[in-house]
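*Asks:* Pasting a structure below so you can have a look.
The values are calculated or read from the model by the stated rules, or taken from the named source; none is laboratory data. Source: prediction; values computed, not measured. With ideal geometry, Cβ positions are generated from the backbone for all residues, glycine too; neighbour counts draw on all protein chains shown.
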Amino acid sequence: MTNILEVKNLQVSFKTFFGEVEAVRGISFNVPSSQTVAIVGESGCGKSVTANSIMKLLPDPPAFYKGGEILFQGEDIIKKTDKEMRAIRGNDISMVFQDPMTSLNPTMKVGKQIMEGLLRHENISHDEAKKRAINILEMVSVPRASTRINQYPHEFSGGMRQRVMIAIAMIMKPKLLIADEPTTALDVTVQAQILELMKKLQNEFGMSIILITHDLGVVADMSNRVEVMYAGQIMEEGSTNEIFYNTKHPYTKKLLASLPKLEMDRNDKLHSIKGTPPDLYIPPKGCPFYERCDQAMRVCKDNVPPITEHDPGHLCRCWLYHEFGPEGGKNA
Ligand code: SF4
């Protein structure tokens, strides 16, 4: 299987008045063609910074690439000029953001917003662009597309606005779609419809998806692989089945334990992960999860945890699985 995207040792920081914030600290992962890779973790773990780095959308300054590569179809995005990125964004790589109300232009009719990318990237007439905009709105199940194309975003419901965002992202049939919390602002029924829609479009267009979310239910439903991020690093990665049914990292275990269960009583308390993530102005020397981990050992505090492989492609960054650790030798 070929990879459409390869992220290698990516490091992204922000220069601030108080010092450097190391938001992404040496992450590596691949996105295979036509597959969905989910990036999960708590708020502030670096998921969205990763997504925006791939699109080269972070404001520079204060953000800057400290190291690594982002290879899209073999070419490093980091080295691309603004002009080259304008040709890639919305064409080869598209993004669906969390809140459609702040992402759509409230003063512009939705049809014009959908056609914008087409008219920029393709040499076609206004009438042809309009036809294709109506067509894509019908594909994302917006009723009366030829009428609604002339309406403004405030005339659409939250779910319908998210469909418009997906239509804008899909109109150029991108090879890679980055969906940053695409269903967070929606109720569960609409969320299910939007996820179904994304799956349908993925099958039709054969695109790859990077799904950024903190919702593990959405991950289980949508993704082939999962990257679990914490404090700017990937703590565990593997196929969705491995991450859910052969969980290794203490942080991933706690994330899964905090999911509500069907058999829960209304008096049962939801699990939460005690403590807060570390301050990335001064990242910890050893394991960033040390302060919150029930299984922490002395070695974890000041020494970077080793990466161990538990199944082909299932990697975990934790001292527990070192050959001399308590779980060492039980990796396979
Ligand atoms: Fe816990 Fe140590 Fe593993 Fe970190 S390296 S997750 S502190 S056991």
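*Asks:* Quick one: which residue in Lys261, Lys253, Lys301, Lys248 is under 28 Å from the mean Cα position of the chain (by Cα), surrounded by fewer than 19 Cβ atoms within 10 Å (Cβ to Cβ) and within 14 Å of the ligand (Cβ to nearest atom)? I'd like the intermediate steps shown before the answer.
*Replies:* Numbers: Lys261 fails: within 14 Å of the ligand (Cβ to nearest atom); Lys301 fails: under 28 Å from the mean Cα position of the chain (by Cα); Lys248 fails: surrounded by fewer than 19 Cβ atoms within 10 Å (Cβ to Cβ).
So the residue among Lys261, Lys253, Lys301, Lys248 that is under 28 Å from the mean Cα position of the chain (by Cα), surrounded by fewer than 19 Cβ atoms within 10 Å (Cβ to Cβ) and within 14 Å of the ligand (Cβ to nearest atom) is Lys253.
*Asks:* Output the residue which, of all residues in the stretch 309-321 that are in a loop (DSSP other than H, G, I, E, B) and more than 9 Å from the ligand (Cβ to nearest atom), is nearest to Gly26 (Cα to Cα). Full working, then the answer.
*Replies:* Within the stretch 309-321, the subset in a loop (DSSP other than H, G, I, E, B) is 312-313, 318.
Those left that are additionally more than 9 Å from the ligand (Cβ to nearest atom): 312-313.
Working: Pro312: 21, Gly313: 18 Å.
Among those residues, the one meeting the criterion is Gly313.
*Asks:* Can I ask one more? Say whether the condition of being part of a helix (DSSP H, G or I), touching a strand residue (DSSP E or B) at 6+ places or on another chain (Cβ under 7 Å) and β-branched (Val, Ile, Thr) is met by at least one residue in the stretch 68-78. Please lay out each step first, then the result.
*Replies:* We begin by selecting, within the stretch 68-78, every residue part of a helix (DSSP H, G or I); these are 77-78.
Next cut, touching a strand residue (DSSP E or B) at 6+ places or on another chain (Cβ under 7 Å) only: 77-78.
Now restrict to residues that are β-branched (Val, Ile, Thr): 77-78.
Within the stretch 68-78, one or more residues are part of a helix (DSSP H, G or I), touching a strand residue (DSSP E or B) at 6+ places or on another chain (Cβ under 7 Å) and β-branched (Val, Ile, Thr).
*Asks:* Does the stretch 264-273 contain at least one residue that is surrounded by fewer than 22 Cβ atoms within 10 Å (Cβ to Cβ), acidic (Asp, Glu) and more than 30 Å from Gly26 (Cβ to Cβ)? Even if it seems obvious, please write down each step before you answer.
*Replies:* The initial filter retains those residues of the stretch 264-273 that are surrounded by fewer than 22 Cβ atoms within 10 Å (Cβ to Cβ), namely 264-273.
Next, from what is left, pick out any that are acidic (Asp, Glu): 265, 268.
Of the ones still in play, those that are also more than 30 Å from Gly26 (Cβ to Cβ) are 265, 268.
Yes - at least one qualifying residue is present in the stretch 264-273.
*Asks:* Answer yes if at least one residue in the stretch 14-23 is surrounded by fewer than 18 Cβ atoms within 10 Å (Cβ to Cβ), in a loop (DSSP other than H, G, I, E, B) and not aromatic (Phe, Trp, Tyr), and no otherwise.
*Replies:* Of all residues in the stretch 14-23, those surrounded by fewer than 18 Cβ atoms within 10 Å (Cβ to Cβ) come to 15-20.
Among the residues that remain, those that are also in a loop (DSSP other than H, G, I, E, B) are: 17-18.
Of the ones still in play, those that are also not aromatic (Phe, Trp, Tyr) are none.
No: zero hits.
*Asks:* May I pose another question? Which of the following residues is within 11 Å of the ligand (Cβ to nearest atom) and outside the structural domain of Ile234 (by TED's automatic domain parsing): Pro326, Pro306? So that I can check it myself, show each step before the final result.
*Replies:* Details: Pro306 fails: outside the structural domain of Ile234 (by TED's automatic domain parsing).
After applying the criteria, what remains is Pro326.
*Asks:* Would you call Pro250 modelled with pLDDT of 85 or more, assigned by TED's automatic domain parsing to the domain that holds Gly46 and within 30 Å of Gly19 (Cα to Cα)?
*Replies:* no
*Asks:* Among the residues of the stretch 38-51, are any more than 26 Å from Ala220 (Cα to Cα), buried (at least 16 other Cβ atoms within 10 Å of the Cβ), out of contact with any Cys (no Cβ under 7 Å at 6 or more places or on another chain) and not hydroxyl-bearing (Ser, Thr, Tyr)? Before you say what the answer is, go through the steps one by one.
*Replies:* Here is the first cut: in the stretch 38-51, the residues more than 26 Å from Ala220 (Cα to Cα) are none.
No, there is no match, as no residue in the stretch 38-51 is more than 26 Å from Ala220 (Cα to Cα), buried (at least 16 other Cβ atoms within 10 Å of the Cβ), out of contact with any Cys (no Cβ under 7 Å at 6 or more places or on another chain) and not hydroxyl-bearing (Ser, Thr, Tyr).
*Asks:* Right, another one. Six or more apart or on different chains, Cβ under 8 Å: which pairs go from a residue in the stretch 182-195 that's more than 15 Å from Gln98 (Cβ to Cβ) to one that's assigned to a loop (DSSP other than H, G, I, E, B)? Could you list them?
*Replies:* Gln193/Ser141
*Asks:* Ok, one more. Got at least one residue in the stretch 36-43 being among the small types (Gly, Ala, Ser), in contact with a Ser or Thr (Cβ under 7 Å, 6 or more places away or on another chain) and within 17 Å of Pro174 (Cβ to Cβ)?
*Replies:* First, the residues of the stretch 36-43 that are among the small types (Gly, Ala, Ser): 38, 41, 43.
Restricting the remaining residues to those that are in contact with a Ser or Thr (Cβ under 7 Å, 6 or more places away or on another chain) gives 38.
Pick out the ones that are also within 17 Å of Pro174 (Cβ to Cβ) and you get none.
For the stretch 36-43, residues among the small types (Gly, Ala, Ser), in contact with a Ser or Thr (Cβ under 7 Å, 6 or more places away or on another chain) and within 17 Å of Pro174 (Cβ to Cβ): absent.
*Asks:* Answer yes or no as to whether Cys316 is closer than 21 Å to Glu42 by Cβ and in contact with a Lys or Arg (Cβ under 7 Å, 6 or more places away or on another chain).
*Replies:* Details: closer than 21 Å to Glu42 by Cβ: yes; in contact with a Lys or Arg (Cβ under 7 Å, 6 or more places away or on another chain): yes.
Answer is yes for this residue.
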